[in-house]
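Below is one structure; the comments refer to it alone.
The values are calculated or read from the model by the stated rules, or taken from the named source; none is laboratory data. In this text the structure is predicted, and so the values were computed from the model without any measurement. Heads up, the Cβs are rebuilt from the backbone with ideal geometry, glycines too, and the neighbour counts pull from every protein chain shown.
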Amino acid sequence: MTFLDLARRNISRHWLRSTLAVIGIVIGVIAIASMGILGNSIGLMFDDMVSDVGDTIVVYPATGSGTTAFTERQITDITRAAGSNRVIPVASTFDSITVGETKSGAMIYAMPAADIQFLLDKEAGTYPRDTGAGCMIGSRLAANSKETGLKLGARVRIGDETLRVTGVLAERGMGFDINPDYAIVVPYRWYSNHYDKDEYDQVIVKVRDVKDIDSVREAIEERMNRREEVVNVMDTKAILESVFAAADSITVFLMGIGAISLIVAGVSILNVMMMSVTERIKEIGVLRSIGTRRNEVMRMFIYEALILGVVGAVIGGVLSFGTGYLMTAVLVGSPDYLYNVKSLLYIVFGMAFGIITSVASGIYPAWKAAHLNPIQALRHE
Amino acid sequence: MPVIRFDNVSKVYPLPAGDVVALADVSLDIDEGEFILVMGPSGSGKSTLLNIMGSLDVPTAGEVTIAGRQISRMTDDELTLMRRDHIGFVFQQFNLIPLLSVVENVEYPLILKGGKSGARERVAEILQAVDIAESHFTHKPGELSGGQQQRVAIARALANDPAFLLCDEPTGNLDTKTGTAIMDLIARMNREEGKTVIVVTHDPRMTEYADRTIHLMDGRLVA
């Protein structure tokens, strides 16, 4: 028999009241944990959408500068500025394509055949060569063209020329440079001959070490924008950072909502504890008169709040798994985000916050109980 | 060396309407093994005297020595330890802890003192000495009669082997027959165990148990 045991007995003496207080904590923990998981999952979803572009610098002709495309000479300048990092010039256009009898439109990206493999992963087939009349198709385009027969090995007409599909690209998701999932990728030599062009629309620089991204970016800007603004340089790291900052503030906002419900639960614990103290004034007087010290009385009541908090936090933590699963499955579309370490940490965080709230709410009632005048408490009816 | 010594003790309660003098210049000695009765009408200062003897309260003036220690400058914790280690309280309303069983109630002061080994044996011994059957040990106080509850309360008061028992109207809530049995038990503890006993009461029949009776009137001792 200890003070902890006394606290436990007092809680079970008023099980309905204690249950209600625990339910408050449970709801608070669930709210804070599942809101945290939801916010984190939204962040993870962004992360997945803008896939593998964190190491990319995209160079565009500066808006309003008179430059609308890059010449070979400018490409050479950019390549020099980028040092040993791979520079991939890209040209793009929109054109109508014909597969069999079906005519439709598609985005066409052109880049040096040797560079395609460094920018895009393939799902099937081979990368086209500069010399042949080959092309690759995006994975979504391939998936959507089952009826027209646009697939690996098929022939596709662009203008008056026919290209053979040598490969299918792996799905890439939304990017900041190019979006090849619904497009056709052709070697630049073919593009240049076919459209009679020798300029590029953008340059993608793949930076080998993400830490160099800022210095490479500065080097390109310095070299190209010497007299006037010729290029705009965008690095995806900066874009990603702003996206993540947005996701983080969503998380904070959602957790704030959870925290409010936990504060309400704290008030309910405070209320329960105050009732417990008021009802037991006489008992406290007896305990004090037969030699229970102030800090021992205080401990007894803090333990009560602690038990309520721990029970509520454990139940809430378990239920958070369930609601977290529902949240991620229904609202974000993939329950896998729940099994992320950070998501699980939010459950731990919610539980810790629940326990802390309970104990904090118990401090004042416990202090009050410990500082009752034993003589007056004994006389209390 | 007396167990309790009051040296010119006064207790004044400051109230907005004027000071209330609860005890005025009280001096007394209570020796070891004595059976003392404190009597007096309501408002005479009995409760204040009892509270100060029980180190629940400290005097405004004068000095009180309990078990060889002066209490007027003690901290709250020191006063609490004094109650725990040297004083056994018996109340009119028994004041057992409803959450605890009979055994646990008697064990509680021992646990407060940090005792572990042999505590249960000592508890059983004391409970047998106050005539509580072993079949009642695991009952909660509410399941016992008034007389039985007061016996358990006396057992609790004796648990830490105190210097004296302080009984506040111990028979006030009991019928005459049960009350007599309780007084006989207290007297037996005084006679056989040599416990110093102070009983505050209204009941004049108690004088036959006492070695000495202290009369209080308006906060002063009356010869």
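Which residues, counting only those in the range B:53-68, are of a type in the set (Val, Ile, Thr) and in contact with a His (Cβ under 8 Å, 6 or more places away or on another chain)?
Hit for the range B:53-68 is B:Ile66, nothing else.
Just one of (1) at pLDDT 85 or above; (2) crowded, with 19+ Cβ neighbours inside 10 Å; (3) basic (Lys, Arg) trips up A:Lys122, so point out which.
All conditions are met except number (2).
How do the pairs read when you match residues in the range A:100-129 that are free of Cβ contacts under 8 Å to residues at least 24 places away in the same chain with residues anywhere that are of a type outside the set (D, E, K, R), using Cβ under 8 Å and keeping only pairs 6 or more apart or on different chains?
Short answer, once both residue conditions are applied: A:Lys103/A:Ser96; A:Lys103/A:Ile97; A:Gly105/A:Phe94; A:Gly105/A:Ser96; A:Gly105/A:Ile97; A:Gln117/A:Tyr127.
Scanning the range B:133-161 for residues that are basic (Lys, Arg) and either within 18 Å of the chain's Cα centre (by Cα) or loosely packed, with under 15 Cβ neighbours inside 10 Å (or both), which turns out farthest from the other protein chains (Cβ to nearest Cβ)?
B:Arg151
Taking only pairs six or more apart or across chains, which ones have beta-carbon atoms under 7 Å, a first residue in the range A:8-36 that is under 18 Å from A:Ile355 (Cα atoms), and a second residue that is among the acidic types (Asp, Glu) and in a helix (DSSP H, G or I)?
Final answer for the pair search is A:Ile11/A:Glu304.
Could you list, in sequence order, all residues of the range B:66-80 that are charged (D, E, K, R) and in a loop (DSSP other than H, G, I, E, B)? Spell out the reasoning first.
If we filter the range B:66-80 for residues that are charged (D, E, K, R), which is where we start, we get B:69, B:73, B:76-78.
Scanning the range B:66-80 gives a single hit, B:Arg73.
Among the residues of the range A:1-31, how many are of a type in the set (A, V, I, L, M) and more than 14 Å from chain B (Cβ to nearest Cβ)?
The number of residues fulfilling the criteria is 11.
Within the range B:45-56, is there a residue that is of a type in the set (S, T, N, Q), more than 10 Å from every other protein chain (Cβ to nearest Cβ) and either surrounded by fewer than 23 Cβ atoms within 10 Å (Cβ to Cβ) or in a helix (DSSP H, G or I) (or both)? It would help to see each step written out before you state the result.
Taking the range B:45-56 and keeping what is of a type in the set (S, T, N, Q), we get B:47-48, B:51, B:55.
Going one step further and asking which of them are more than 10 Å from every other protein chain (Cβ to nearest Cβ), we end up with none.
The answer is no; no qualifying residue exists.
Would you mind stating whether B:Glu78 is more than 13 Å from chain A (Cβ to nearest Cβ), acidic (Asp, Glu) and out of contact with any helix residue (DSSP H, G or I) (no Cβ under 9 Å at 6 or more places or on another chain)? Write out each step before concluding.
Values: more than 13 Å from chain A (Cβ to nearest Cβ): no; acidic (Asp, Glu): yes; out of contact with any helix residue (DSSP H, G or I) (no Cβ under 9 Å at 6 or more places or on another chain): yes.
No: the conditions fail for B:Glu78.
Is the range B:108-125 home to any residue that is among the polar types (S, T, N, Q) and over 18 Å from the mean Cα position of the chain (by Cα)?
First pass over the range B:108-125, keeping only residues among the polar types (S, T, N, Q): B:117.
Now restrict to residues that are over 18 Å from the mean Cα position of the chain (by Cα): B:117.
Yes, the range B:108-125 contains a residue that is among the polar types (S, T, N, Q) and over 18 Å from the mean Cα position of the chain (by Cα).
Restricting to the range B:191-213, give me the number of residues that are surrounded by 20 or more Cβ atoms within 10 Å (Cβ to Cβ) and closer than 20 Å to B:Ile66 by Cα.
Summing the residues that are surrounded by 20 or more Cβ atoms within 10 Å (Cβ to Cβ) and closer than 20 Å to B:Ile66 by Cα in the range B:191-213 gives 6.
For a quick check of your reading of the model, give me the residue pairs whose first member lies in the range B:146-170 and is farther than 10 Å from B:Asp85 by Cα, whose second is of a type in the set (D, E, K, R) and assigned to a helix (DSSP H, G or I), with beta-carbon atoms closer than 9 Å and at least 6 apart or on different chains.
Note: pairs meeting the criteria are B:Gly147/B:Lys177; B:Arg156/B:Glu107; B:Asp168/B:Lys46.
Considering only residues of the range B:92-132 that are buried (at least 19 other Cβ atoms within 10 Å of the Cβ) and among the β-branched types (Val, Ile, Thr), which is nearest to the other protein chains (Cβ to nearest Cβ)?
Taking the candidates together, the pick is B:Ile97.
From A:Asp160, A:Asp181, A:Asp130, which residue is among the acidic types (Asp, Glu) and within 34 Å of the chain's Cα centre (by Cα)?
A:Asp181
Determine, yes or no, whether A:Thr278 is over 22 Å from the mean Cα position of the chain (by Cα), more than 14 Å from chain B (Cβ to nearest Cβ), surrounded by fewer than 24 Cβ atoms within 10 Å (Cβ to Cβ) and polar (S, T, N, Q). Walk me through how you get there before you give the answer.
Numbers: over 22 Å from the mean Cα position of the chain (by Cα): yes; more than 14 Å from chain B (Cβ to nearest Cβ): yes; surrounded by fewer than 24 Cβ atoms within 10 Å (Cβ to Cβ): yes; polar (S, T, N, Q): yes.
The answer is yes for A:Thr278.
What helices (runs of 4 or more DSSP H), lying completely within the range A:28-145, carry at least 3 residues that are under 24 Å from A:Met174 (Cβ atoms)?
Correct list: A:113-119, A:139-144.
Of all helices (runs of 4 or more DSSP H) completely enclosed by the range A:286-381, which ones contain at least 2 residues that are of a type in the set (Lys, Arg) and within 14 Å of chain B (Cβ to nearest Cβ)?
A:294-327
Exactly one of (1) assigned to a strand (DSSP E or B); (2) over 30 Å from B:Gly142 (Cα atoms) is unmet by B:Pro41. Its number?
Status for B:Pro41: all satisfied but (1).
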